[in-house]
Amino acid sequence: MVENPAASEGTQAPGTAPRAKNEEGKFPKGIWIRLFAYLVAGHVFAGFLYLLFEVGAK
């Protein structure tokens, strides 16, 4: 027999918050840092590919 039927239905237990956001509804600092790093790395990689094709075309 299940002691907590709500837990067996896949719903969240009372008093627990979603993991993606903290109590204030803001995303954790680590996510912003990772997003910034991915954006910078993506642009650097795209710039490298652009430069590679520009030099290769000459």
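Looking at residue 27, is it at pLDDT below 95, within 23 Å of the chain's Cα centre (by Cα), surrounded by 10 or more Cβ atoms within 10 Å (Cβ to Cβ) and aromatic (Phe, Trp, Tyr)? Yes: the conditions hold for residue 27.
Here is a yes/no grid of residues against (1) open to solvent by 90 Å² or more (accessible area, probe 1.4 Å); (2) in contact with a Cys (Cβ under 6 Å, 6 or more places away or on another chain); (3) in a helix (DSSP H, G or I); (4) modelled with pLDDT under 75:
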| residue | (1), (2), (3), (4) |
| --- | --- |
| 1 | yes, no, no, yes |
| 10 | no, no, no, yes |
| 14 | yes, no, no, yes |
| 17 | no, no, no, yes |
| 33 | yes, no, yes, no |
| 38 | yes, no, yes, no |
| 41 | no, no, yes, no |
| 49 | no, no, yes, no |
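The values are calculated or read from the model by the stated rules, or taken from the named source; none is laboratory data. Computed from a prediction, not measured in an experiment: that's the story for all the values here. Here the Cβ is made from the backbone with ideal geometry for all residues, glycine too, and neighbour counts use every protein chain on show. In case anyone asks, the SASA skips ligands and DNA or RNA and just uses the protein heavy atoms, side chains included. Shrake-Rupley method; radii C 1.70, N 1.55, O 1.52, S 1.80 Å.
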